[in-house]
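Participant: Right, I'll just put the structure down here and ask away after.
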C-alpha cells in the first residue's frame, strides 16, 4: 500500500522552526524580504493564535522605537530600507541636475535616490519631473543606492487634469484627455465651480464599482477662458513654466556685450528673415560673391547666431532651468520660452539696428554648391534689417515694399544667388523631399481663432533652411576635428519591417520596389517623383513619411538619413533649444573663444552628463510636440464647435481597425469616423493596403482618398472631432483577391456548437 503523503501545509511547517521568532531573526527576515506584512510573517513562521498576537505586539514595539516603518496600509519594512523593485515618482533634481526619486508608497523616512541614466531610453528620452516609474534599487560598491529604470508607467499617472461637473448629488472631475473615459468623484468644500479646470489626485481606496474617488489639488483655470487650450496642454504634459527668482535675477543682471574677446562684425550687413509675428531672432545671414580667382562663381555665406552661451553660464540657475525645459514650446496663443524674456526677446535677440553678441560662421562654397572651407568667430554684430519671409519673397519676385526695396540689390539678390548655388549642392545630396502641409492659426484679441489658413512654402523659407543646415554641419565637423564631445542630431534609416510594409503596399498599387536595393534618400525621391502626377500621389507621400524614423539627439553619431548628411548638430537656435547651447559651448572650448573673466565653454559637468542631457532633451522635445499638437487640436475644435452639421472636404489620413481619421482640407483639422458609422457592411482592416475593405462588396476606404464629411460633434475641452461620411467608398480593386464572406450570427441567436471537443479560451 502506498504511503500516505502529508498535506503541503504540514510539510512546510515541519521544514521551518515554528514559534515566535526572536527580535534579530525577525529583523533579518524583514531586511532580506525588503517589505512584508503581518500575515506573510505569520505564514512564514507558522504562527497561530497567541503567537500571532505576540507578533503584532513585537512589530508595534519595533515601529514605536523607529526600527521599522509602515509601507502602505499593512506593510512594514526596515526604516529607510528600499525593496529590490518598487514604483517611484520623480520628485526633484539635485544641485547637479540629476533626477531624484521616492517610493510611491514609501513613508516619510524613505530616502531620495538618484535615478541612473538608462541606455535603453536614448530614443524615448530620459524621464522627467512628475513621471511614475518602475525601478530596480541597486547598491553600488561605494555603498550608495541608485534606482535603475525598468519601465516608465506614465506622466503623473496618479493625477488627473479635468473639468468640474456639478450634479445634484455629487461633484465629478471629467478628464480632459480624450483617451480617458473615467471621471472622479471629489469632495466639494463649496469653493469649486462648474467648469473649473482642476488638477486632482486619484484616491488610493479601491471601489468595486462606480467612479473612483479623488481629491482636488489645485484649480488651474476655467474651461471657458480664451486660452484654456494651451493651459490644458501645459498641465497635461507637464511643461515647465515660469522661472525662479534666482534665474530671473541672473537674466536681469546681464549686461550689453562689448568687443572684449570678439571680432567686430557690425559693418557686415547681416539681416534676419523670420515669420512676421516672430519676437525672438536667433539667426542672421549675409552673402557675397567670392573674389578669389581660384573660386570663380563661388560664394561666401555668413550665418550669425545669438551668443546665448555668454549669458547662460554652466551651473547657474538659468542653465539648470534651461536644461530642464530643454526647448521653447510654441502654442497658437502663447510661447513658453526656454529663457526669460530679458534674454529671449532682449539681449539675445538679434534686433534690427541694435548691437548684439553672436557666434558666426563664415562659409565658402564653390560654383557647384560644395563647401570649400569654414571658420567660426565670436563677434559683435548689428542687424541691418528685420524682414518677414513674405517681404523678402515679394521683393525677389518684383514686388518690394518700402523697407525691402533698398535692400534688394545690395543684400537680397546676392543672398538668393548664393542660395541658388547652395541649392545645386542640395540637389546633388538629394535629401528627402517629402511634402508636408502646415497651417497658420491666427488668434484674435479675444483669445479665439480668427482664421486657419495654409502656410505657404516659399523659396525664402528654403533659403534660410539650407543656410542653417550648412552652419549646423560646420559645427559638427569642427567639434569632431577638435575631438570635442558634442550632441548630434541623428536620424536613422527606416527599419526593415517598415520597408517590407512599404514594399507590400507599393506592390498593391502596381509600383515596383525592390527589397534588395540599398535604402537611400534618392531612392525615396525617385518614388515620389514617379507617383507625383498619378492618382496615388497623396497616399504614397503619406506612406513614405510614415516609413521614416524619428530624429533625436545623441552623443553617438549615425548620421542624418533624412538630410543625407554624415554628421549634423543643432547650432542655429540656442535661444529656444538647449542642444544648440551645448554645441556653442563646445565650439567655445574647442576653438579657445572663452571671453575674459568666467569661462563659458563646456564644463566638466556638461561633458560627464552629455549623454543624459541628450536623452532628456529628446524627451522634452517629444513632450513639447505632443503639447503643441494637443493645444492646436483643442483650438481647432473650439473654432469648429459652432459649425456642427456643416459639410467639409477632406482626406483620409489614417486607417485603423476602429475607423478612419479625416483631415479637413481648409483647416487641417483632424477627426474620426468610427467604423460603426460607415454603413451596414462589415469592414476589414487591411494593413498592407492601408485601407478598410468591405467583407461582402470589396468596396474600399483607402489612405489618401478625398472624401466629403459632415461634422457631427466638436468637443473643445478634449479637442475631439467626430465626422459622418457622405462620400461613397472606392470601387473594389479588380486585382486584389475578394475578401471571404465570414459567418456572423444574428443578434439573439445562440452560437453554433463546436464539433469534437470542449470550448477553449483563446
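The values are calculated or read from the model by the stated rules, or taken from the named source; none is laboratory data. Computed from a predicted structure; not experimentally measured. Virtual Cβ from ideal backbone geometry, glycine too; neighbours counted across all protein chains shown.
Participant: Given the structure, is residue 653 assigned to a loop (DSSP other than H, G, I, E, B), in contact with a helix residue (DSSP H, G or I) (Cβ under 8 Å, 6 or more places away or on another chain), over 30 Å from residue 310 (Cβ atoms) and at pLDDT below 95?
Facilitator: So residue 653 does not fit the description; no.
Participant: While we're on this one: Can you confirm whether residue 433 is at pLDDT below 95, in the same structural domain as residue 579 (by TED's automatic domain parsing), in contact with a helix residue (DSSP H, G or I) (Cβ under 6 Å, 6 or more places away or on another chain) and more than 20 Å from residue 376 (Cα to Cα)?
Facilitator: Considered against the rule, which asks whether it is at pLDDT below 95, in the same structural domain as residue 579 (by TED's automatic domain parsing), in contact with a helix residue (DSSP H, G or I) (Cβ under 6 Å, 6 or more places away or on another chain) and more than 20 Å from residue 376 (Cα to Cα), residue 433 comes out as yes.
Participant: What residue, of 306, 315, 326, 392, is more than 30 Å from residue 287 (Cα to Cα), in contact with a strand residue (DSSP E or B) (Cβ under 8 Å, 6 or more places away or on another chain) and touching a residue at least 60 places away in the same chain (Cβ under 8 Å)?
Facilitator: 326
Participant: Given the structure, is residue 149 surrounded by fewer than 17 Cβ atoms within 10 Å (Cβ to Cβ), within 17 Å of residue 82 (Cα to Cα) and at pLDDT 80 or above?
Facilitator: no
Participant: Can you confirm whether residue 624 is part of a helix (DSSP H, G or I), touching a strand residue (DSSP E or B) at 6+ places or on another chain (Cβ under 6 Å) and surrounded by 20 or more Cβ atoms within 10 Å (Cβ to Cβ)?
Facilitator: Criteria met by residue 624.
Participant: Can you confirm whether residue 406 is free of Cβ contacts under 8 Å to residues at least 24 places away in the same chain, surrounded by fewer than 16 Cβ atoms within 10 Å (Cβ to Cβ) and assigned by TED's automatic domain parsing to the domain that holds residue 370? Outline the logic, then answer.
Facilitator: Values: free of Cβ contacts under 8 Å to residues at least 24 places away in the same chain: yes; surrounded by fewer than 16 Cβ atoms within 10 Å (Cβ to Cβ): yes; assigned by TED's automatic domain parsing to the domain that holds residue 370: yes.
Yes; evaluated as a whole, the condition is true for this residue.
Participant: Okay, moving on. Report every pair of residues separated by at least 6 positions or lying on different chains whose Cβ atoms are under 9 Å apart, first residue within segment 202-218 and within 18 Å of residue 170 (Cβ to Cβ) and in the same structural domain as residue 171 (by TED's automatic domain parsing), second at pLDDT below 65 and surrounded by fewer than 13 Cβ atoms within 10 Å (Cβ to Cβ).
Facilitator: 212/205; 212/206; 213/205; 213/207
Participant: List the residue pairs whose Cβ atoms are under 6 Å apart, where the first residue sits in segment 519-543 and is in a loop (DSSP other than H, G, I, E, B), the second is surrounded by 14 or more Cβ atoms within 10 Å (Cβ to Cβ), and the two are 6 or more positions apart or on different chains.
Facilitator: 519/493; 536/509
Participant: Can you work out which of the residues in segment 681-690 that are touching a helix residue (DSSP H, G or I) at 6+ places or on another chain (Cβ under 9 Å) and in a strand (DSSP E or B) is farthest from residue 223 (Cα to Cα)?
Facilitator: In this case the residue turns out to be 686.
Participant: Related question: Which residue out of 484, 453 is on the phi < 0 side of the Ramachandran plot, exposed (fewer than 15 other Cβ atoms within 10 Å of the Cβ) and not in a helix (DSSP H, G or I)?
Facilitator: On inspection, the qualifying residue turns out to be 453.
Participant: Here are some conditions: (1) assigned to a helix (DSSP H, G or I); (2) in contact with a strand residue (DSSP E or B) (Cβ under 9 Å, 6 or more places away or on another chain); (3) under 27 Å from residue 351 (Cα atoms). Residue 246 meets all but one. Which one does it not meet?
Facilitator: Result: residue 246 passes all but (2).
Participant: Answer yes if at least one residue in segment 176-184 is surrounded by 16 or more Cβ atoms within 10 Å (Cβ to Cβ), out of contact with any helix residue (DSSP H, G or I) (no Cβ under 6 Å at 6 or more places or on another chain) and at pLDDT 80 or above, and no otherwise.
Facilitator: Scanning segment 176-184, I find at least one residue that is surrounded by 16 or more Cβ atoms within 10 Å (Cβ to Cβ), out of contact with any helix residue (DSSP H, G or I) (no Cβ under 6 Å at 6 or more places or on another chain) and at pLDDT 80 or above, so the answer is yes.
Participant: Could I ask something else about it? Cβ contacts < 7 Å: first residue more than 13 Å from residue 640 (Cβ to Cβ) and not assigned by TED's automatic domain parsing to the domain that holds residue 669, restricted to segment 446-457; second residue modelled with pLDDT under 85 and assigned to a loop (DSSP other than H, G, I, E, B), any location; separation 6+ or different chain. Result?
Facilitator: These pairs meet every condition: 446/226; 447/226; 447/227; 450/444; 454/437; 455/438.
Participant: Let me ask something else about it. Is it true that some residue in segment 625-633 is in the same structural domain as residue 306 (by TED's automatic domain parsing) and under 26 Å from residue 361 (Cβ atoms)?
Facilitator: The answer is no; no qualifying residue exists.
Participant: Still on this model: Tell me yes or no: at least one residue of segment 669-680 is over 28 Å from the mean Cα position of the chain (by Cα), modelled with pLDDT under 85 and either over 13 Å from residue 710 (Cα atoms) or not in a strand (DSSP E or B) (or both).
Facilitator: Yes: segment 669-680 contains one or more residues that are over 28 Å from the mean Cα position of the chain (by Cα), modelled with pLDDT under 85 and either over 13 Å from residue 710 (Cα atoms) or not in a strand (DSSP E or B) (or both).
Participant: Let me ask something else. Here are some residues: 434, 411. Which one is under 22 Å from residue 546 (Cβ atoms) and surrounded by 15 or more Cβ atoms within 10 Å (Cβ to Cβ)? Break it down into steps so the answer makes sense when it comes.
Facilitator: Values: 411 fails: under 22 Å from residue 546 (Cβ atoms).
Just a single option satisfies the conditions, and that option is 434.
Participant: Yes or no: residue 629 within 18 Å of residue 239 (Cα to Cα), without any contact (Cβ under 8 Å) to a residue 60 or more places away in the chain and either in contact with a helix residue (DSSP H, G or I) (Cβ under 7 Å, 6 or more places away or on another chain) or assigned to a helix (DSSP H, G or I) (or both)? Explain how you work it out, then say what you get.
Facilitator: Details: within 18 Å of residue 239 (Cα to Cα): yes; without any contact (Cβ under 8 Å) to a residue 60 or more places away in the chain: yes; either in contact with a helix residue (DSSP H, G or I) (Cβ under 7 Å, 6 or more places away or on another chain) or assigned to a helix (DSSP H, G or I) (or both): yes.
Yes; evaluated as a whole, the condition is true for this residue.
Participant: Every residue in segment 254-270 that is assigned to a loop (DSSP other than H, G, I, E, B) and either touching a strand residue (DSSP E or B) at 6+ places or on another chain (Cβ under 8 Å) or modelled with pLDDT of 95 or more (or both), please. First the steps, then the outcome.
Facilitator: If we filter segment 254-270 for residues that are assigned to a loop (DSSP other than H, G, I, E, B), which is where we start, we get 254-262, 265-270.
Passing the criteria: 256, 257, 258, 259, 261, 262, 265, 266, 267, 268, 269, 270.
Participant: Any chance you could count how many residues in segment 700-737 are crowded, with 19+ Cβ neighbours inside 10 Å and either at pLDDT below 85 or part of a loop (DSSP other than H, G, I, E, B) (or both)?
Facilitator: Summing the residues that are crowded, with 19+ Cβ neighbours inside 10 Å and either at pLDDT below 85 or part of a loop (DSSP other than H, G, I, E, B) (or both) in segment 700-737 gives 8.
Participant: Only one of these is touching a helix residue (DSSP H, G or I) at 6+ places or on another chain (Cβ under 7 Å), in a helix (DSSP H, G or I) and assigned by TED's automatic domain parsing to the domain that holds residue 319: 619, 584, 570. Name it.
Facilitator: Values: 619 fails: touching a helix residue (DSSP H, G or I) at 6+ places or on another chain (Cβ under 7 Å); 570 fails: in a helix (DSSP H, G or I).
Every option except 584 fails the conditions.
Participant: Say whether the condition of being outside any strand (DSSP E or B), surrounded by fewer than 21 Cβ atoms within 10 Å (Cβ to Cβ), more than 29 Å from the chain's Cα centre (by Cα) and at pLDDT 90 or above is met by at least one residue in segment 273-290.
Facilitator: Checking segment 273-290: at least one residue is outside any strand (DSSP E or B), surrounded by fewer than 21 Cβ atoms within 10 Å (Cβ to Cβ), more than 29 Å from the chain's Cα centre (by Cα) and at pLDDT 90 or above.
Each row is one residue, and each column tells you yes or no for (1) touching a helix residue (DSSP H, G or I) at 6+ places or on another chain (Cβ under 6 Å); (2) not in a strand (DSSP E or B).
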{"position": "375", "(1), (2)": "no, no"}
{"position": "401", "(1), (2)": "no, yes"}
{"position": "408", "(1), (2)": "yes, yes"}
{"position": "414", "(1), (2)": "no, yes"}
